[in-house]
1. Filter region 123-170 down to residues that are within 24 Å of Q190 (Cβ to Cβ), in contact with a helix residue (DSSP H, G or I) (Cβ under 7 Å, 6 or more places away or on another chain), assigned to a helix (DSSP H, G or I) and not acidic (D, E), then give me how many there are.
2. State whether one or more residues within region 55-69 are at pLDDT below 95, more than 25 Å from R163 (Cα to Cα) and not β-branched (V, I, T).
3. Restricting the search to region 21-48, which residues are modelled with pLDDT under 90 and touching a Leu at 6+ places or on another chain (Cβ under 7 Å)?
4. Among the residues of region 29-47, which ones are touching an Asp or Glu at 6+ places or on another chain (Cβ under 8 Å), surrounded by fewer than 20 Cβ atoms within 10 Å (Cβ to Cβ) and among the aliphatic types (A, V, I, L, M)?
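The values are calculated or read from the model by the stated rules, or taken from the named source; none is laboratory data. Note that the coordinates shown come from a computational prediction; the quantities given were computed from them, not determined experimentally. Glycine also receives a Cβ, built like all others from the backbone with ideal geometry; neighbour counts cover every protein chain displayed.
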Amino acid sequence: MTASPPANPRIPRIALTGGIASGKSTVARLFTTLGAKLIDTDQVARDIVAPGSPALARITARFGTGVLGPDGQLDRAQLRRIVFSDATARADLEAITHPAIRAETHRLCAAAGGPYQLVAIPLLVETGTAGDYDRVLLVDASEDTQLARLVLRDGMGHIDARRMLGAQATRAARRAVAHDIIDNDGDLAQLTPQVDALHQRYLALPEG
């Protein structure tokens, strides 16, 4: 997903990224308890496909009503299975959703304020937007850790989990654009001091 930088240039902005099941949500939650402002493009992506939205209408027109649940909500798991196995379908979905995500992210950033802003962008490398931010924070985990979490969290089979990992940027590519890296192969006790240290660093970032 692509996200535009915040409108207010005086507030430092940090792109928060990482592979699937790397623990980005946990890290983001820890930062917000310290006072950081979070704009989560995954949540934005959900909001812009609410029932009755223009984006959902276009998705249904492209992929059929089979991607809707009984309540009219988008069946994200079903749509994900389609686009992860078909590059053309994935490109079509991105053409529908990315402009709406960019617009809503821009609006939220402009209103968020805060000492600094974390903009969570799982597909930062894939969208080539790392240069839009003051710093890039990578939540990093080994492939073995990611696979184990996918199987446990989503009940996904190993073959599907590996296919999903293979559809994303490589771990090396994410590390190449990162200014800061949080190691999340461990537990919460190992995460907290890493977040605390980076919070202090981000508070000291110059404005403007």
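1. Qualifying residue count, region 123-170: 7.
2. no
3. Once the filter is applied, which keeps residues that are modelled with pLDDT under 90 and touching a Leu at 6+ places or on another chain (Cβ under 7 Å), region 21-48 yields only A21.
4. Hit for region 29-47 is L34, nothing else.
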